[in-house]
Amino acid sequence: MSSRTASEVRSSFLSFFKGKGHEVCPSASLIPQNDPTLMFVNAGMAPFKDVFTGKDRRPYTRATSSQKCIRISGKHNDLENVGVTARHHTFFEMLGNFSFGDYFKDDAIPFAWELITKEWGIPQDRLVITVFGGAEGVPADDEARAIWRKVTGFGDDRIIGIPGIPGDNFWQMGETGPCGPCTELHFFTGDGEPTIDTFGQEPTPDGKGWMEIWNLVFMQFNRSEQSPGVYELAPLPKPCVDTGAGLERVASVLQGKTSNYDTDLLRALVEKAAQISGKNYGASQSPDDVSMRVIADHARLTAFLMAEGITPDRAGRAYVLRRVMRRAIRHGHRLGIQKPFLHEVALEVVRTMGDAYPELVERKALITSATEAEEVRFRETLERGLKMVDEEVGRVKSAGTQLLSGDFVFKLYDTFGFPMDLTEVIARERDLHIDVAGYEKAMEEQRTRSEGSKLEDEAVSDVYRKALEALRASQGGSETAAVRFTGYDREDGEGKVLFLAKGTERADQPTDKVTKGDKVLVVVDVTPFYGESGGQVGDKGEIRTGSGLKIKIEDTQKPLTGLFVHLGEVVEGELEVGATVSLEVDHALRTATRRNHSATHLLHWALRTVVGESATQKGSLVGPDRLRFDYSASKPLTGEEIQRIEDLVNEKILLDAPVVTEVLAQTEAKKRGAMAIFEEKYGDVVRVLTMTKDSVELCGGTHARALGEIGLFKIVSDGGIAAGVRRIEAATGLNALAYVRKLEDSVKNASKLVKAGPNELPEKIEKLLDDTKKLEKELSETKRKLAMGGSGGGGIDDLAGKAHALPFGKALAVKVDVPDAAMLRELAEKLRDKLGDAVVLLGSVNGPKAQLVCTVSKSLTDRYKAGELIRPIAQILGGSGGGRPDMAQAGGTEIAKLDEALDKLYQLVS
């Protein structure tokens with residue numbers, strides 16, 4: 001058995017099956033394009049799911065691929081085992097060969113045996129085969145057993161039947177649908193001769209034992225529900241084959257390793273983590289070695305998800321990435337790494353895997369900047385969060401329990417950014433567990449507070465489904481029925497009414513007829529109205545008939561694939577299902593929207609030109625009055641960068657180049673360099689928008705016909721909206737002109753107020769600010785002198801005279817009028833020094849908050865500590881505080897209780 005690199009394993013697998021007539025397919029995106037039930041592609045067959053079910057057809061019946069996969073959510077969640085075992089990963093590659101109704105067991109089994117034993121040279125005496133052993137009335141797969149006997153020469157002692165549905169050797173896509181038996185190849189990674197009697201036992205932590213390296217799924221049956229809880233299996237007319245072989249596992253066998261982390265796929269990443277930490281990797285189960293393996297695995301997932309444009313955030317796939325990254329960062333913290341490091345390990349992923357996956361190299365800048373920015377953000381709160389955990393752990397253990405409350409776990413997430421599963425790991429390390437149900441309840445309550453209840457949307461979603469049923473019925477029951485959209489070429493047209501709904505507050509009641517005053521939902525078979533999607537708002541306009549009907553359309557939506565719904569109010573007349581209507585889009589609003597949408601594409605190009613590829617689009621909103629563009633960034637744009645972006649966009653506009661729209665196959669569009677917006681779903685046929693050679697993107701929206709139509713482009717603002725995400729708002733055309741005029745009016749009004757010309761305005765304002773600062777300084781100094789007893793005010797002497805004499809010395813608690821905390825500290829120190837052995841507490845009101853300073857003479861700090869005295873006093877003000885034994889500060893918002901708080905000192909020291 002010769003040693004091969006992982007790259008050679010991948011290449012040899014694909015070449016072998018290409019030689020057997022298979023189409024070599026590149027890895028699909030990690031973001032599922034055909035299965036909304038999946039967060040990520042989690043198996044090699046996932047991109048071919050529609051082919052297996054018959055919904056999709058390909059020009060080939062045999063395929064092979066090495067598919068990028070992630071298993072981190074749902075039932076396929078290996079997160080807790082990562083780094084602990086030798087073979088679990090969040091990201092991995094699945095080698096696969098597939099037959100779509102072509103060959104079956106007679107070919108699939110010999111293919112597997114030939115590749116494994118002849119091409120790769122894996123010793124036969126270290127292999128065991130499993131087949132389906134039968135269950136629930138389904139017979140054992142004796143057909144596969146017989147083929148294995150013939151191909152391998154093995155007896156039944158090494159071809160083992162495994163029962164169970166579903167189970168290790170019976171696969172099904174869901175409760176119903178395609179299913180069938182599996183057969184697996186297992187390799188013995190232990191020392192010495194293979195021991196058949198240990199088959200089925202869990203491998204040791206270092207990976208020694210029996211390991212599955214190949215799984216053949218025979219999609220042989222269709223499972224249907226005959227009555228509630230009663231299912232029937234019927235043979236499929238065209239049975240299929242699905243192979244899964246983990247590249248990491250095969251590489252470990254061919255490289256003579258028992259752990260995937262010792263292969264060339266991952267060892268370089270582990271060693272990078274070791275190098276950064278300054279520790280040696282021992283390939284053991286020690287906490288340090290586990291942490292290094294976790295970092296290696298998580299850095300790989302980080303690099304691949306960012307290569308697909310996903311950056312860490314608070315929801316969806318972006319939050320999954322954040323969870324993984326923060327787990328890795330925390331393991332770096334455990335190793336004693338004090339600086340951002342994860343981006344360095346992610347760059348090692350780019351170096352080692354960039355040849356096989358060019359997207360890693362293309363997105364190298366994004367991977368670097370976004371990874372480092374996330375770690376910098378999390379490290380700002382990591383120490384405080386861990387300290388809070390330790391304090392809570394101490395409190396919980398002292399109370400004799402082993403449960404961290406859900407409210408506490410949520411607070412860690414909400415305040416310090418600790419994902420729940422990270423807190424769960426930390427708790428487990430301290431022999432505790434967490435209240436998951438309580439956490440989920442707190443999370444749901446927060447969602448309700450921030451978003452409001454979603455229950456009221458159920459009726460609307462139901463009416464949309466009924467509208468889609470009516471549309472499909474009008475087109476012969478077709479599952480792919482769709483309203484025909486004509487709005488790319490025109491703004492008016494005629495259509496037949498297929499569905500109506502009405503209501504008082506909203507249209508949620510299906511009906512055959514609507515009349516004046518009704519809120520309505522209208523579906524027609526043909527429409528020029530654009531339905532909201534891709535960031536572009538829905539069109540407004542009117543629907544009319546010759547009999548006097550007039551409906552004012554306020555919005556157009558695309559709630560379900562193929563369905564356009566017009567939402568508005570009947571102004572005149574009445575309308576029935578089946579009527580023919582005229583539709584007219586509001587020309588002025590549509591034109592303004594088109595200008596803004598085209599400008600958004602130019603803005604995207606200019607932003608990436610000025611800032612770099614790390615400025616990836618995170619969202620957009622395009623309407624008639626403005627455009628909004630969200631993008632990933634770790635810092636604000638400078639004034640110079642904003643001007644440069646505006647210049648680039650306006651220079652393109654002045655070229656007045658035509659905006660060219662083409663409908664192409666997605667593969668052809670990508671060959672032309674068309675940019676796809678990450679996480680947007682595109683079909684096999686796409687619209688490609690070309691403005692200049694610099695801006696080529698996939699887009700389904702409406703656009704200007706030539707760049708000159710956009711008019712003036714002006715950025716209105718650039719601000720942060722979330723960690724690592726910023727938002728540009730801009731205006732075009734007449735909106736940009738209105739914005740400039742508003743600025744002009746502001747300048748003119750300011751000039752009148754300060755009695756200066758527009759050109760003199762900055763100099764005049766600067767002088768006024770300087771004068772104001774001087775006056776504020778003089779006022780502050782005057783207050784200071786009065787407080788300290790200068791100019792005959794007697795301040796400090798008067799205050800000292802109010803001190804209470806006590807056996808140990810003196811105590812003084814008094815309210816003073818000083819402008820800031822620094823002066824409050826200075827006055828407290830002077831009073832303490834004047835009084836000798838003393839405890840002094842001063843309070844003042846500054847804006848909406850009360851401030852406290854407590855100081856204790858050093859001769860008394862063994863008896864009284866300022867930090868301990870000030871805490872219960874601050875609680876009266878609804879605040880908190882602390883400090884050294886001789887000096888402490890605090891504050892609170894309940895100003896009315898300041899006198900009560902000051903009096904508390906005398907109780908504490910008496």
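Expressed as a fraction of 2.2 N^0.38 Å, the value expected for a compact globular protein of N residues, the C-alpha radius of gyration of segment 792-909 is 0.95.
Each label was represented as a point 7 Å from its Cα along the Cα-to-Cβ direction; for Glu202 and Gln402 these points are 1.7 nm apart. Under 18 Å Cα to Cα from Lys257, which lysines show up? Leave out anything in the same chain fewer than 8 places away. Qualifying lysines at Cα under 18 Å: Lys208. Taken along the Cα-to-beta-carbon direction at a fixed 7 Å, the label points for Lys496 and Glu114 span 5.6 nm.
For the pair Ser284 and Ser29, the difference between a 0.36 nm per residue extended length and the Cα-Cα distance amounts to 88.4 nm.
The sum of -39500 (n - 2.57) across all DSSP H runs of n ≥ 4, divided by the residue count of the chain, sets its helix-only mean residue ellipticity at 222 nm to -12500 deg cm²/dmol.
How high is the FRET efficiency from Gln875 to Asp355, r the C-beta distance, R0 45 Å, rounded to 0.05? About 0.15, to the nearest 0.05. As a calculated quantity, the FRET efficiency between Arg884 and Ser910 at R0 = 22 Å, using C-beta atoms, amounts to about 0.45.
May I ask you to list the residues of segment 312-347 whose amide nitrogen lies under 17 Å from a point 7 Å from Cα along the Cα→beta-carbon direction of Arg379? Under 17 Å, as judged by backbone N against the label point of Arg379, lie 325-347 of segment 312-347.
Remark: the Glu574-Thr661 segment gains 27.4 nm on full extension, using 0.36 nm per residue and subtracting the alpha carbon distance. Give the lysines reachable from Lys773 as a straight Cα distance under 20 Å; neighbours fewer than 8 places away on the same chain don't count. Cα-Cα hits under 20 Å: Lys764, Lys783, Lys785. Farthest towards the positive end of the charge dipole of the chain, among the residues Gly354, Ile796, Leu382, is the Cα of Ile796, using unit charges on the Cβ of Lys, Arg, Asp and Glu.
The Cα center of segment 234-308 and the Cα center of segment 597-670 differ in position by 38 Å. Take the Cβ-Cβ distance between Ala146 and Ser11 as r, set R0 to 30 Å, and report the resulting FRET efficiency rounded to the nearest 0.05. According to the calculation, E is roughly 0.35. Each residue of segment 343-348 was assigned a 3J(HN,Hα) from its phi angle through the Karplus curve 6.51 cos²θ - 1.76 cosθ + 1.60 (θ = phi - 60°); the sequence is 5, 5, 6, 5, 5, 5 Hz, with glycine and proline shown as x. With respect to the chain, whose longest principal axis is taken over its alpha-carbon atoms, helix 267-277 is tilted by about 10°.
The Rg/Rh ratio for the chain, using Cα coordinates for both the radius of gyration and the Kirkwood hydrodynamic radius, is 1.05. Each Cα pair under 8 Å and six or more residues apart adds its sequence gap; the mean of these over the residue count of the chain is a relative contact order of 6 percent. Fully extending the segment from Ala234 to Ala473, taken as 0.36 nm per residue of separation minus the present Cα-Cα distance, adds 83.1 nm. Grouping the Cα pair distances of segment 6-262 into 10 Å bins from zero gives a pair-distance distribution of 7, 30, 39, 22, 3, 0 percent in increasing distance order. Segment 377-432 and segment 534-567 have Cα centres lying 51 Å from one another.
Under a model in which nothing but the beta-carbon of Lys, Arg (+1) and Asp, Glu (-1) is charged, the chain shows a dipole of about 2120 debye around its Cα centre.
Between helix 458-474 and the chain, what is the angle of the helix's C-alpha long axis to the longest principal axis, kept within 0 to 90° and rounded to the nearest 10? That helix lies at roughly 30 degrees to the long axis.
Readers should treat all values here as calculations from the given coordinates under stated rules, not as data from a laboratory. Note that the structure is predicted; figures quoted are calculated from it, not measured. Quick reminder, even Gly has a Cβ in these numbers, built from the backbone with ideal geometry, and neighbours come from all protein chains shown.
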